[in-house]
Structures are given as structure tokens and as C-alpha cells.
Amino acid sequence: MTTRREPPSVYDATVSSRRTVLRSSLPATASGTNVHAYTLLDWGLLAAIALIWGSSFLLMEIGLRAFEPGVITLARIALGFGTLALFPKARTAVEREDWPRIAVLGAVWFAVALLIFPVAQQWITSAVTGMINGAMPVFTVLWAIYLMRKLPGWRQLLGIGLGFVGMLLVFAPELEVGGDQLLGALLVVLAVAFYGLAANLSVPLSQKYGSLPVVWRAQLVALIIVAPVGLWQIPGSSWSWEAALAMVPLGVLGTGAAFALMATLTGRVGGPRASVAIYFLPIVAIVLGVLILGETVEPIALAGVVLVMAGAWTASRRES
């Protein structure tokens, strides 16, 4: 006796179509393509990111001497977008279904976060801003746990924890408490939380397209969002060659090159492991302070540097 097979219903066809879309869509985040120890290229990317972003807070401090926060953000995004536009690979086509995620990256990674930093630095120093920014690996891990529903390897958790403690020791002598400073600090925490989310969301996109097409389009979205704020704050700004020249490396390197390098690193090693680059920012800030501003370094900060480097090395090992 044979059983008669019923033709597929409209419901079955719809379910099958949805499953196909789900299979072809990008995951919320993903592990890096390299789960082994950092290669020489990975370390090179990390060093370049740390050097560029480590000096960005000093450049923003100089810019705030003449420009309003919105003008600084608009200038750096415009310069970053223009820089990446020079590379033909940035104009590589992306699928329409991935544009919503790119738009989210443009909003949280560039428009909102990059506007928050100069606003906050009106009330807190660049050193304290850099210290709080060092919490990004913690937020990146928390977002990764939420999005992937699993914990990173124990080496990565240990390395991120060591680096976070070291980062606190580095800037412990610089911390101050105050009403406006508290508001500024909370704003930076919000921006860093957005950074951690973006570091995870960018992983599948970078693995699919490479960093340039993703970052360039995300900056276009950010430019559209920030332009009204920046143009509105131009009358409240003054002109200064010093501030204007500071915007060039802040935009070309800090917003164009560094974000592309970071997206490349997250695609290679994953968001949590790539975020340890942020722990080196305080070290760069210390070196710049000593060489340019003649600042002194406290012994506790040197101990923090040792912990930062130990944490970065531990997190860079093969994922367990």
C-alpha cells in the first residue's frame, strides 16, 4: 500500500524560504578565522592601532581649543571617509541584505561614539578618557557572550582580566572625582559599550567583504547622521591652525586607517581577542606625555604597563 504524498502547502514553502534566508544571512558575530596564536601580521595590526588611537585623545584635546565637539566629529569622519574613498577596494559592492547591519555600525561605531568622546573631554582629561576607553575589551567580551551564547577561552578571559587591572593601575594617579567629571566618565562608558558591540557586529562583515567596503559605507552613514550637528556648531567655533592641523591625522589615520585596521584584526582573530589592542592605548599616551609634555610616570603606572603586556600576550595565545 502506497501513501499518497500531499503537495507542499504555501506554509511549507514560506517556512522553507525563511530557512533559506536564515542560512544565507550573517550571524550576529563570529569567531576569528585565526584561532591560533597571534601571527606577526596580527601583532603588526595591533601595534598600528594602538599607536594611532593612543594619540587620538591628545589630538581631540587640541581640537577642543577652537572647535565645538560636533565640528571635530564631522571633520574626522569626513576626512576618514575621503581617505578610504581613495582605495578602489572600498567601493566593492555589498549585498543589500547586509546594509542594515552596516548602518548600525555607522551609527554606534562612528556617529554616536565619536561624538561622545569630544563632548566628554570638555569635563575630563584626555588621560582619563583613555583610561576608560581601555575597558572596551571587557564590553567586547560581554557582548560576545550575549551574541554567541558561549564564553571565550580561559586564556582570553585571563588575558583580558590582567590587561584591565593593568590599565587601571596605569591611570590610577590621574583619576579625579567631581560632578562634571562623573558625567563625562559616564558618557565615555556609554561610547565604549557601543565600541564593544561594534567590534562584534563587524566580524562577519569583515570576513565576508574585507574591512574597507564595510568601514567606508559605515562612515558614509555616520557622515549623514553627524553633518547636521557639525554644521549647527560651526558658528560657535573659532579658527585655529593648530586645531585644524590636529584634525588631519585624527581623521586620516584615527578615523580612516585605524578603523579599517581594527575591522581587519577583528575578522582575523575575533572581537574579544582583537580588542586587547585598546589596552596599549594608555602606554602610548604615557610615552607621548613624557616625550612631548615632559610628564613624569608613577611607579604604579609602570607596574600597570607590565600587566597590560602580560594580559595582551595571554589573550593572543591559541583559543582553548
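What follows draws every value from the coordinates through simple rules; no lab data is involved. Bear in mind the structure is a predicted one, so any value in this text is a computation, not a measurement. Virtual Cβ from ideal backbone geometry, glycine too; neighbours counted across all protein chains shown.
Taking only the C-alpha atoms of the stretch 49-99, Rg followed by Dmax gives 14.8, 42 Å. Pairwise Cα distances in the stretch 128-255 exceed 21 Å in 60 percent of cases. Between Glu97 and Trp232, the modelled label-to-label distance comes to 3.7 nm, taking each label 7 Å out from Cα in the direction of the beta carbon. Extending 7 Å from Cα along the Cβ direction at Leu190 and again at Trp241 yields two label points whose distance is 3.8 nm. When Rg and the Kirkwood radius Rh are both evaluated on Cα atoms of the stretch 34-164, their ratio Rg/Rh stands at 0.99. Can you compute the FRET efficiency between His36 and Ile292 using 1/(1 + (r/R0)^6), with r the Cβ-Cβ distance and R0 = 30 Å? Round to the nearest 0.05. Step by step, r from the Cβ atoms, then E = 0.20. Rg/Rh for the stretch 224-284: what does it come to with C-alpha atoms and Rh from Kirkwood? Taking Rg over the Kirkwood Rh, I get 1.11.
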